[in-house]
1. Take B:Ala63 and tell me if it is of a type in the set (A, V, I, L, M), outside any strand (DSSP E or B) and modelled with pLDDT under 90.
2. Taking A:Leu91 as the residue in question, decide whether it is closer than 24 Å to B:Asn448 by Cα, surrounded by fewer than 21 Cβ atoms within 10 Å (Cβ to Cβ), of a type outside the set (S, T, N, Q) and out of contact with any Asp or Glu (no Cβ under 9 Å at 6 or more places or on another chain).
3. Can you find a residue that is over 21 Å from A:Thr105 (Cα atoms) and loosely packed, with under 13 Cβ neighbours inside 10 Å anywhere in segment A:200-217?
4. Report yes if some residue within segment A:54-74 is part of a loop (DSSP other than H, G, I, E, B), more than 14 Å from chain B (Cβ to nearest Cβ), out of contact with any Phe, Trp or Tyr (no Cβ under 7 Å at 6 or more places or on another chain) and closer than 29 Å to A:Gly255 by Cα; otherwise report no.
5. How many residues are within 14 Å of chain B (Cβ to nearest Cβ), crowded, with 23+ Cβ neighbours inside 10 Å and part of a helix (DSSP H, G or I) if we restrict to segment A:245-268?
6. All but one of (1) aromatic (Phe, Trp, Tyr); (2) more than 28 Å from B:Tyr346 (Cα to Cα); (3) within 14 Å of another protein chain (Cβ to nearest Cβ) hold for B:Tyr508; state the number of the condition that does not hold.
7. I need the full set of residues from segment B:388-433 which are of a type outside the set (D, E, K, R), within 18 Å of A:Leu37 (Cα to Cα) and assigned to a helix (DSSP H, G or I), in order please.
8. For segment B:74-183, list the helices (runs of 4 or more DSSP H) that sit wholly inside it and hold at least 3 residues that are over 30 Å from B:Lys472 (Cα atoms); which are they?
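The values are calculated or read from the model by the stated rules, or taken from the named source; none is laboratory data. As the structure is a prediction and not an experimental result, all values here were calculated from the model. No Cβ is skipped: glycine too gets one built from the backbone with ideal geometry, and neighbour counts run over all protein chains shown.
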Amino acid sequence: MAAFIVRRLLQSALVLAFMSLLVFVGVYAIGNPVDILISPQADQADIARTIAALGLDRPLWQQYLIFVKQALAGDLGKSFAYNIPALQLVLERLPATLELALAATGMAVLLGIPLGLWAGLKPDSWPGKLIMTGSILGFSLPTFWVGLMLIMLFAVELGWLPSNGRGPTSLLLGVPVSFLSWDGIRHLILPATNLALFKLSLIVRLTSAGTREALLQDYVKFARAKGLSNARVVGVHVLKNILIPIITVIGLEFGSVIAFAIVTESIFSWPGMGKLIIDSINVLDRPVIVAYLLVIVSLFILINLAVDLAYSLLDPRMRLGAGQA
Amino acid sequence: MVVRWARCLICAVLALAALPAAAAELRIGLAADVTSLDPHFLNVAPNNDAAWHIFDALVHVDANARLIPGLAVSWRAIDPTTWEFKLRRGVKFHDGSDFTATDVVFSLQRPATLAASPGPFTGFVKAIVSTKIIDPWTLRFKTAAPYAMLPYDLDSIFIVSKKAASGASTEDFDSGKAAIGTGPYKLVRFARGDRIELARNDAYWGWPKGKPAPWDKVTLRILPADTARIAALLAGDVDAIENIPTADLTRLKSNPNFRLEQKVSWRTLLLHMDQYREHPPHLTDKSGKPLAHNPFKDARVRLAISKAINRRAIVERVMEGNAIAAGNLVSPPVFGHVAALKAESYDPEAAKKLLAAAGYPDGFAVTLDAPNDRYVNDEQLAQAIAQMLARVGIQAKVETMPASVYFAKARAGEFSFALLGWGSFSGDLALRALVATPDAAKGYGAWNWGHYSNPQVDALLTRDFATLDDGKREAVAREAASLALKDVPVILLHHQLASWAMKNSLAYDARTDEYTFARDFRPR
């Protein structure tokens, strides 16, 4: 187990190093932030001086080596546009994005598994058909359009919920969260729903397909023949067996929900990392872009690790031996 | 039990209902992210907009982009290289301390200490070689040569409190510790990427007629996505928004619950043409073979292009009426605008004749480059121009890209025909940046992508910047503009209109410099 985790972490370090190099080369190829941010009234000497002051006049390899040296000391550089450490800037926005992603994932799981079970157990009933049809819509409607429709309906027309932004935050274990107040929850409902919709459909379909398959298995027939109650057959025997693929997908999707919450965050002006990265790319704020991607990659690595560990808990056949990385 | 719950609920509802009456709040949706509240760190419009709420400068700019007294009540040149500024007396910082000349000196020196800025303010103080405090309310600035633009430059340097900002970092300004100004609002909270909460400064010297605005609380919400900003206004989550996309203007105009305020902006859209290389990139005959000469070097070709563009159609169709055709580098309210210079009239027949006379009866082929996220409808604008040029035989291929890519390429000289939008306080500043012969030593022509060069214009500009009397200077600036524009150094297109939308109960003094200031909103 320990060897497995150590090997995983070593691989991750390589991925992180490669990632930073890729971003460096990419941003360098596009241009430099001074061209975008400098005042129109600045003259040629001002521009040259500014580029030199930021070290952007040096060759790419020198800039990268300086970055690596500082990064190894734990310093990812200061944001060009914000003038505060890039990592701090990204981590400051992380709670907002995590809150949104967790709320969306929670909604998707809590609604998706029961709905999927229902649709799998009673595929020919009208609620079952309705659920499956609804899930097709959830898949196929583009997120930004659904978001706009949610805003138009619930904020503009009905006026029930705020159209955008995050509610007031309070500290929970030192992390600013907004879901502890009613106003905060009101702000969270629309963006979380928008972000949850796709995953909800995914979980509904996975659960329903898994259930229908499991119901035909011998162990379910045996359990029924043994005279177990329907609740126990479904709740224990079926559910536990279909949970492994669902957990894999939830894990993978959680990473992508964090990384791709960008659309939802933009539409709802949710002050998370997605909004930050868009702004930073627009002004080629390289330290922030690097820090953001490193954080995201690290999150993906952690989530995958957590998923692997969850497997071994759910299914004793999967042991995380040293030879199985 | 139930009764007790109900009583609690009623108490809570009453408490909530009582709040709004006590605290009147104005909520404004801004269109771009404010990255920092350090007023000396990054010179970009969104940051300056926020800083103007908290801080003042010596010189202010009115709604027509003309200089007016700010923290300085008057200024004059006492000799050709010395400016004397008289400061406003009795002004207090938000912490109650007095504003004096030492705060000014400190504020003028602070930009140079922030080395890590990609958009520094240092350019605005470089003309000052020495500063002398005569008394706490009088300052003298020495310049190396006669320099008329000092009052303009000092409009861009915010005055911070020396006591609060000594040794302060950008973080200290963002946290509010050092953000102590003399402006109309005090900083309450800055939530990066989300909102800025402000409280009214009742002691502000500049309230119109000495009467503070009716809102004791102002919240600036950061809403960069156009749809989010408009939805927030429609849903009543904000009271006013800036920067309305042209497509939504028509809809908002017909909605009785909202009002629009518009004003011609200082931003002028124009096309640069390469006039310095014999074989600029992407400029060929129609079969793709290189041309013998660069057609843009011929003033007749440049005039032909100008005549081929139907500005009225651009204003009416592309801009949906939210622009005015341009015949000047600066828009009508701005210093140095020449009323006699009219927008070139649309005349495709004359354009064809001019092209034939210049030796291009069949036209030529060129790539028109434009950004697609910088100016109002920039991509559609480039497409429309390409179609208009096709009618006179010039085959223009449109290439658009995000601003982050566009400006680096432009500076590297990769374009020969390119769109640029420009805002200036004054006509001579626009001439210096856009059409003066590029000269790094003098700081001329920094944005003259086409390298148009006219020694007479350069000489006039040099005289202009050394003319300390505003009236005389404006005459020189107009002469220089008239002389340069005769050559068609750039193709002038239009001046944008800046727009604000707000609840029906509000009014706003729309500004040519496009800034959104909470202090200029008032109930109707």
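1. no
2. When the stated conditions are applied, A:Leu91 does not pass them.
3. Taking every residue of segment A:200-217 in turn, at least one turns out to be over 21 Å from A:Thr105 (Cα atoms) and loosely packed, with under 13 Cβ neighbours inside 10 Å.
4. Yes, segment A:54-74 contains at least one residue that is part of a loop (DSSP other than H, G, I, E, B), more than 14 Å from chain B (Cβ to nearest Cβ), out of contact with any Phe, Trp or Tyr (no Cβ under 7 Å at 6 or more places or on another chain) and closer than 29 Å to A:Gly255 by Cα.
5. Selection size over segment A:245-268: 3.
6. Of the numbered conditions (1) aromatic (Phe, Trp, Tyr); (2) more than 28 Å from B:Tyr346 (Cα to Cα); (3) within 14 Å of another protein chain (Cβ to nearest Cβ), the odd one out for B:Tyr508 is (3).
7. B:Ala403, B:Ser404, B:Val405, B:Tyr406, B:Phe407, B:Ala408, B:Ala410, B:Ala433
8. Numbers: elements: B:101-109, B:150-154, B:162-165, B:170-175.
Correct list: B:101-109, B:162-165, B:170-175.
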